[in-house]
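What follows is a set of notes on a single structure, which appears directly below.
The values are calculated or read from the model by the stated rules, or taken from the named source; none is laboratory data. Note that the structure is predicted; figures quoted are calculated from it, not measured. For neighbour counting, all protein chains shown are included, and Cβ atoms are generated from backbone atoms with ideal geometry for every residue, glycine included.
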Amino acid sequence: MNRTTIGYTILIVLFIIAVGFFFYFYQQVQVYDKKLKEATSTDVPLSTYHFVLIGEEVDHEYWRLVSEGAKKAEATYGVIVEYEGPKRSNPEEQLKLLDMAIKSKVDGIIVQALNEQFTPLINGAVTNGIPVITVDTDAPGSLRDAYIGTDNYQAGFLAGKALIEDTNGKATVGIITGGTGQAYQQHQLRVQGFKDAVDKVEGINIVAIAESNLKRVNAEAKAYKMLTEHEEISAFYGTSSLDGMGVVAAAKTLKRQDNLYVITFDTVEGNIQLLKNGDIDAIVEQEPFEMGEKSIAIMLDIIKGKTVNDIYQTNSSIIRKADLPTEKNSEGGSPHD
Ligand code: BGC
């Protein structure tokens, strides 16, 4: 091999090494670039988002459905949703949970705004950059980013229309409601909607209204008192999940359940059983699962700076025994579970 050949061979080898280095570094630059883009992207990986959902009563069937909806969205979007609430309905404790969520600087809060005391805390969270969605019960005067839940006035109106239809426009009505004070704005709306629906029907008269404070035993005691004081009562309207069950228990004790019309809120298991037995005649069904699921999607839109609606209304409808699917009729589950 002469010197020229050796020279060419060295050159070719060097060329191949250079090309190899070029491709190697080119690839490294591409990888680095990709990593840099990911790190500086405004689309922060979703798994870093940590949201808190605060309901009225952590183990209540209705609130468990809200949390199950949120948990489904948690899996879909790869976010973390912490579900919290008092053991028993307790607005003070709920406010403390809200305060703690704000202090721990979570990425978003979904809260049932039970009463006006929630407004200053919600406003504090939003002005400090934590988006807030109210769920099930709104705080319309607050700075919350959006509300998702039932139109409670409309749901009450639907209940009134169902009662008119089912009683052929003739009924003497007792109302058992969660509460009438400012702590129960949602129930006030449900009562107002109902009253407005039956108002112009001559044969329908509301003769009494009492508060259950969302407790079944209170609903029973109040219904018992009403039934003894008003022999003429032929129908009851309950505005919270447990009111209908309390009414039925009182009516059974007084042997007044026959020919007594009962309409109440929420397709929780106890109400479905009574609907099947014929002790409850109609239920106003809400969509708690959907409230929970959608609230997470809306929260992510807010964080990404998308324009969101002020109010997202979930459906409410009337369920009667005939609406229960046949197999559920014999098993006793919720018509929509
Ligand atoms: C209401 C919720 C309440 C639940 C349990 C539902 O009808 O929409 O606000 O927490 O009943 O009482």
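Cβ-Cβ distances below 7 Å connect the following pairs, each with a first residue in the range 131-143 that is under 16 Å from Phe51 (Cβ atoms), a second residue that is away from the ligand (no atom under 16 Å from the Cβ) and small (Gly, Ala, Ser), and a separation of six or more residues or different chains: Pro131/Gly108; Val132/Ala125; Ile133/Ala146.
Exactly one residue out of Tyr153, Tyr184 is among the aromatic types (Phe, Trp, Tyr), within 18 Å of the chain's Cα centre (by Cα) and buried (at least 19 other Cβ atoms within 10 Å of the Cβ): that is Tyr184. Cβ-Cβ distances below 6 Å connect the following pairs, each with a first residue in the range 164-176 that is in a strand (DSSP E or B), a second residue that is acidic (Asp, Glu), and a separation of six or more residues or different chains: Thr172/Glu232; Ile176/Asp243. Scanning the range 122-141 for residues that are part of a loop (DSSP other than H, G, I, E, B) and more than 29 Å from Ala197 (Cβ to Cβ) yields Asn128, Gly129, Ile130, Pro131.
Just a yes or no: is a residue in the range 190-200 part of a strand (DSSP E or B) and either small (Gly, Ala, Ser) or in contact with an Asp or Glu (Cβ under 8 Å, 6 or more places away or on another chain) (or both)?
So the first thing to find is which residues in the range 190-200 are part of a strand (DSSP E or B), and the list is none.
Looking for residues that are part of a strand (DSSP E or B) and either small (Gly, Ala, Ser) or in contact with an Asp or Glu (Cβ under 8 Å, 6 or more places away or on another chain) (or both), one finds none in the range 190-200, hence no.
Filtering the range 248-265 to residues that are buried (at least 24 other Cβ atoms within 10 Å of the Cβ) and under 19 Å from Lys170 (Cβ atoms) leaves Val262, Ile263.
Is it fair to say Ile109 is within 16 Å of the ligand (Cβ to nearest atom), in a strand (DSSP E or B) and in contact with a strand residue (DSSP E or B) (Cβ under 9 Å, 6 or more places away or on another chain)? Don't jump to the end; show me each part of the working.
Working: within 16 Å of the ligand (Cβ to nearest atom): no; in a strand (DSSP E or B): yes; in contact with a strand residue (DSSP E or B) (Cβ under 9 Å, 6 or more places away or on another chain): yes.
So Ile109 fails the test.
Give the number of residues within the range 253-283 that are assigned to a strand (DSSP E or B) and aliphatic (A, V, I, L, M). Reasoning before the result, please.
We begin by selecting, within the range 253-283, every residue assigned to a strand (DSSP E or B); these are 261-265, 282-283.
From what is left, the residues that are aliphatic (A, V, I, L, M) are 262-263, 282-283.
Within the range 253-283, residues that are assigned to a strand (DSSP E or B) and aliphatic (A, V, I, L, M) number 4.
Within the range 58-78, restricting attention to residues that are assigned to a loop (DSSP other than H, G, I, E, B) and without any contact (Cβ under 8 Å) to a residue 40 or more places away in the chain, which residue is surrounded by the most Cβ atoms within 10 Å (Cβ to Cβ)? Write out each step before concluding.
Of the range 58-78, the ones assigned to a loop (DSSP other than H, G, I, E, B) are 58-60, 78.
Subset that is without any contact (Cβ under 8 Å) to a residue 40 or more places away in the chain: 58-59, 78.
Numbers: Val58: 16, Asp59: 11, Gly78: 11.
The selected residue is Val58.
Residues in the range 145-161 that are within 16 Å of the ligand (Cβ to nearest atom) and out of contact with any Pro (no Cβ under 8 Å at 6 or more places or on another chain): Ile148, Gly149, Thr150, Asp151, Asn152, Tyr153, Gln154, Ala155, Gly156, Phe157, Leu158, Ala159. From the list Ile272, Ile233, Ile296, the one residue that fits, being within 16 Å of the ligand (Cβ to nearest atom), among the hydrophobic types (A, V, I, L, M, F, W, C) and in contact (Cβ under 8 Å) with a residue 12 or more places away in the chain, is Ile272.
Checking the structure you have, find out if any residue of the range 42-56 is at pLDDT 75 or above, part of a loop (DSSP other than H, G, I, E, B), under 24 Å from Met299 (Cα atoms) and within 16 Å of the ligand (Cβ to nearest atom). Checking the range 42-56: at least one residue is at pLDDT 75 or above, part of a loop (DSSP other than H, G, I, E, B), under 24 Å from Met299 (Cα atoms) and within 16 Å of the ligand (Cβ to nearest atom).
Filtered by the rule that a residue be assigned to a helix (DSSP H, G or I) and of a type in the set (A, V, I, L, M), the range 284-307 gives Met291, Ile296, Ala297, Ile298, Met299, Leu300, Ile302, Ile303.
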